Amino acid sequence: MKGLLIKDIKLLGTQKTFFISICIFSLIMIIGNFDPSFIVGYLTFIFSLFVISTISYDDYNNGFSFLFTLPVTRETYVRSKFLLSLILGLTSCIFAIILSAGAVYITTQTLVTLDWVLSQSIACLVIFTLLSIMIPMQLKFGSEKSRIVMLVFYGGIFGIGAFITVMMGPENAQTLLKSILSTVSSMNQFIAIGSVLVVLLGILLSSYLISVKVMKNKQF
């Protein structure tokens, strides 16, 4: 697995100009007083999305057929992708939070609170959830088909949300959403964080097991 991670990190190095440009663009947005939550989510998403790109590179020109002639199991391959996503996601999230906190201090001369840091971290949790969906789909359907499947999937989620809103009525749906958010915000911080982490770990574990099964059944 160490060799797979080194391969992907070296591949990341070939895209350093792109990632430096993204960081510069983020700095410009911070100077332009963009919402810090957007900056955190933007940077984390872009860096985490690189994991999907590495799968596309591995699949290109029957690359999997060659890769698995090496002493690499399919489960190890999947494990390396999830580990890479955690490394990139957490690193970029922490970097973005520090960057945003610095911008807040420079513009308002106030230090950020723990509540502020936790609120910014929500974007990272959402992105890890998206990656948990995208990785098994990418492994199962490949680059082209997975885009169509993802569009159908998110379209279905949007359709269900719209259907529930119509059935309940916009005002009732909004009231329900506010009550849920109010309940979450009134919870003890550590209980709320623990609950979210447990749910996230459950999603990641489920995604990992599905991805392993997909790779074991995949024909090259």
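The values are calculated or read from the model by the stated rules, or taken from the named source; none is laboratory data. Everything numeric here is computed off the predicted structure, so don't read it as measured data. Virtual Cβ from ideal backbone geometry, glycine too; neighbours counted across all protein chains shown. Protein only, heavy atoms only, side chains kept; ligands, DNA and RNA dropped before computing areas. Shrake-Rupley method; radii C 1.70, N 1.55, O 1.52, S 1.80 Å.
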Margin query: Considering only residues that are in a helix (DSSP H, G or I) and open to solvent by less than 60 Å² (accessible area, probe 1.4 Å), which ones fall in segment 67-82?
Written below: Leu67, Thr76, Tyr77, Val78, Ser80, Lys81, Phe82
Item checked: Pair list, Cβ under 6 Å, 6 or more apart: segment 207-220 residue within 15 Å of Thr76 (Cβ to Cβ), other residue of a type outside the set (A, V, I, L, M) -> Tyr208/Phe82; Ser211/Pro136; Val212/Glu75; Val214/Pro136; Val214/Lys140; Met215/Arg74; Lys216/Arg74
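Every residue, every condition in (1) over 18 Å from Leu204 (Cβ atoms); (2) without any contact (Cβ under 8 Å) to a residue 60 or more places away in the chain, yes or no:
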| site | (1), (2) |
| --- | --- |
| Asn61 | yes, yes |
| Pro71 | yes, yes |
| Thr76 | no, no |
| Ala96 | yes, no |
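Listed here are the residues, each with its yes/no results for (1) open to solvent by less than 30 Å² (accessible area, probe 1.4 Å); (2) out of contact with any Lys or Arg (no Cβ under 7 Å at 6 or more places or on another chain); (3) at pLDDT 80 or above; (4) not in a loop (DSSP other than H, G, I, E, B).
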site	(1), (2), (3), (4)
Asp8	yes, yes, yes, yes
Leu12	no, yes, no, yes
Met29	yes, yes, no, yes
Val51	yes, no, yes, yes
Ser65	no, yes, no, yes
Ile97	yes, yes, no, yes
Leu111	no, yes, no, no
Item checked: Single condition Ser85 does not satisfy, out of (1) outside any helix (DSSP H, G or I); (2) of a type outside the set (Lys, Arg); (3) open to solvent by less than 20 Å² (accessible area, probe 1.4 Å) -> (1)
Item checked: Among the residues listed as Ser207, Ser185, the single one being among the small types (Gly, Ala, Ser) and at pLDDT below 65 -> Ser185
Next item on the list: Exactly one condition in (1) farther than 26 Å from Lys213 by Cα; (2) over 15 Å from the mean Cα position of the chain (by Cα); (3) modelled with pLDDT of 80 or more is not met by Arg74; state its number.
Entry: (1)
